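The values are calculated or read from the model by the stated rules, or taken from the named source; none is laboratory data. The structure displayed is predicted, hence computed values, not measured ones. As a convention, Cβ positions derive from the backbone with ideal geometry for all residues, glycine included, and neighbour counts pool all protein chains shown.
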Protein chains: 2
Amino acid sequence: MLYQQIHLTLPTWTHDVVDLAAVHESDEAKVSLAIALSRHNVDADTGGPFGAVVFGPDHRVIAVGVNRVMPHTCSLAHAENMAYMLAQQRLQTPRLNERIAPITLATSSQPCCQCYGATVWAGINRLLIGARAEDVMELTEFDEGPLPADWVGELNRRGIAVVRDICRDDARAVLKHYGDMGGDRY
Amino acid sequence: MLYQQIHLTLPTWTHDVVDLAAVHESDEAKVSLAIALSRHNVDADTGGPFGAVVFGPDHRVIAVGVNRVMPHTCSLAHAENMAYMLAQQRLQTPRLNERIAPITLATSSQPCCQCYGATVWAGINRLLIGARAEDVMELTEFDEGPLPADWVGELNRRGIAVVRDICRDDARAVLKHYGDMGGDRY
């Protein structure tokens, strides 16, 4: 049979953790929610140690994502990709900031090569990052993959500002917990 | 409401175009099917001018993909990504060649930055490409995005062989048709 349907989901606990009415004004508040999602995902055993959140101009959540690679046997189901797809479904556009702007993506760890490419097309204005790629590789042995040498500059030239090292220690703590408990690597 | 469900589909006509029993032995036969899918997708107005196919070691189709960005308002729904996700669901693994090998991805045009990153994780051994990135940009004005300077070498070092310019003229013809008729760019 030719497969024609892809169905990806977030864990049900995300309903309890995310408050759509809450205002996350600062960069730290935005990344903290992404890190909280990454921690819940590990504790609930619903995927890898990564979380991401798409915020609108009012600093409220449009959509969230967590890593769902193993539950859905899907290498595309990284946290950032899940958040982008769900935000695009909610706003009914494949380029988020053509509907409302600015759009911000907060992620617990630097996007890998796949989510980096997705970030180029998703339609965001700001990218807020917790842990660095080297933290991910040091603490979990996840490979982050090949990026353009000037990956920040390539985003900047496409209108995407990048801010790194936001709540980096908190993000590192979740990665370390995952690594110490011997979580799946893939 | 927090969105939690992503549902992506292929057009129903793919059932009529794809024969799961057929053997596509040569590289040309594999890429020709990807190009045929890209042409059907334009003619049926079911997405952009891109097609991709995942083949198993027996040269039979595991899964196919076509561009579904506009129908699903989803910037992730590129042909290669659709094919990877559907193949991974069918084989029930997020890394295809850990189940059976070698796995081949044939694509009508060079993967953009997003599908390039996805290709690093999907678990393929061979990447067969029709049109070049410069063909896509010349004929359709689609942007292909930033890649590592040595993008072929980065794949080679991860065990993925790359063959380019397969049926390139046929692939270019579909792109030119789409460009001439003023198809969506996004």
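Data overview
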| quantity | calculated |
| --- | --- |
| Residue match in segment B:119-130 (condition: closer than 24 Å to B:S32 by Cβ, out of contact with any Asp or Glu (no Cβ under 6 Å at 6 or more places or on another chain), within 14 Å of chain A (Cβ to nearest Cβ) and charged (D, E, K, R)) | no |
| Some residue of segment A:36-49 being hydroxyl-bearing (S, T, Y), free of Cβ contacts under 8 Å to residues at least 24 places away in the same chain and surrounded by fewer than 22 Cβ atoms within 10 Å (Cβ to Cβ) | no |
| Hits in segment B:1-40 - residues which are in contact with a helix residue (DSSP H, G or I) (Cβ under 8 Å, 6 or more places away or on another chain) and either away from every other protein chain (no Cβ under 11 Å) or part of a helix (DSSP H, G or I) (or both) | B:T14, B:V17, B:H24, B:V31, B:S32, B:A34, B:I35, B:A36, B:L37, B:S38, B:R39, B:H40 |
| Matching residues in segment B:15-35 - criterion: being surrounded by 15 or more Cβ atoms within 10 Å (Cβ to Cβ), more than 14 Å from the chain's Cα centre (by Cα) and within 16 Å of B:A63 (Cβ to Cβ) | B:V17, B:V18, B:H24 |
| Selection count, segment B:96-118, where residues are farther than 17 Å from B:L76 by Cβ and either among the aliphatic types (A, V, I, L, M) or within 14 Å of chain A (Cβ to nearest Cβ) (or both) | 9 |
| Unique match (being of a type in the set (S, T, N, Q) and out of contact with any helix residue (DSSP H, G or I) (no Cβ under 9 Å at 6 or more places or on another chain)) among B:Q114, B:Q110, B:Q92 | B:Q92 |
| Output for segment A:140-178, where each listed residue is assigned to a helix (DSSP H, G or I), at the interface with chain B (Cβ under 10 Å from one of its Cβ atoms) and surrounded by 14 or more Cβ atoms within 10 Å (Cβ to Cβ) | A:W151, A:E154, A:L155 |
| Failed item in (1) touching a Gly at 6+ places or on another chain (Cβ under 8 Å); (2) within 7 Å of chain B (Cβ to nearest Cβ); (3) without any contact (Cβ under 8 Å) to a residue 60 or more places away in the chain, with A:V69 passing the rest | (3) |
| Residue list for segment A:16-35, filter: of a type in the set (A, V, I, L, M) and under 17 Å from B:Y3 (Cβ atoms) | A:V17, A:V18, A:L20, A:A21, A:A22, A:L33, A:A34 |
| Selection from segment A:141-158 of residues that are more than 15 Å from B:D150 (Cβ to Cβ) and among the aliphatic types (A, V, I, L, M) | A:V152, A:L155 |
| Qualifying residue in segment A:60-74 (condition: over 11 Å from the mean Cα position of the chain (by Cα) and over 20 Å from A:L8 (Cβ atoms)) | yes |
| Residue within segment B:77-92 that is polar (S, T, N, Q), modelled with pLDDT of 95 or more, closer than 12 Å to B:A63 by Cβ and within 12 Å of the chain's Cα centre (by Cα) present | yes |
| All positions within segment A:63-109 that are in contact with an Asp or Glu (Cβ under 7 Å, 6 or more places away or on another chain) and surrounded by fewer than 24 Cβ atoms within 10 Å (Cβ to Cβ) | A:M70 |
| Where a residue in segment A:76-95 is more than 7 Å from chain B (Cβ to nearest Cβ) and its partner, wherever it lies, is part of a helix (DSSP H, G or I), with Cβ under 7 Å and at least six apart | A:H78/A:Q114; A:H78/A:C115; A:E80/A:C115; A:E80/A:A118; A:E80/A:T119; A:A87/A:L96 |
| Residues of segment A:41-66 that turn out to be within 11 Å of another protein chain (Cβ to nearest Cβ) and out of contact with any Lys or Arg (no Cβ under 8 Å at 6 or more places or on another chain), as a count | 6 |
| Breaking point among (1) free of Cβ contacts under 8 Å to residues at least 40 places away in the same chain; (2) within 22 Å of B:G145 (Cα to Cα); (3) small (G, A, S); (4) at the interface with chain B (Cβ under 9 Å from one of its Cβ atoms), for A:A133 | (4) |
